[in-house]
Amino acid sequence: MFEPSEERENRHECVNCGTLSPATDTNYTLISSQHGWRLSREPDKFGRTSMVWRCPTCWAKHKASQAPK
C-alpha cells in the first residue's frame, strides 16, 4: 500500500486540447457534474478501440459536432 505522501494522482490529459484534469481520488469523481470530464471509446489509427478523455469544453464541442444535421 502507498504511504499518504506517495499516493499517485489520478490525472488525465484531454485528447483535444491537452489540458490536464484536476487530481481526483477516482475517475468517477472526474466524470461527476463537479468536474464534467468525459471518457469515450473511439477507434485509434489502427482501427482498435481506444479510450479517450475530454475536458468539459472539448466534450461540448465534440458532442455538438456529432449531432445529426
- [ ] Just name the residue that is nearest to residue 18 (Cα to Cα) out of those in segment 32-69 that are aromatic (Phe, Trp, Tyr) and touching a residue at least 24 places away in the same chain (Cβ under 8 Å).
- [x] 53
Open item on the list: Out of everything in segment 1-19 that is more than 23 Å from residue 36 (Cα to Cα) and assigned to a loop (DSSP other than H, G, I, E, B), what residue ends up being modelled with the highest pLDDT?
Closed with: 7
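The values are calculated or read from the model by the stated rules, or taken from the named source; none is laboratory data. This one's a predicted model, so the numbers in the text were calculated from it and none came from an experiment. Cβ coordinates were reconstructed from backbone atoms using ideal geometry, including for glycine residues, and neighbour counts include every protein chain displayed.
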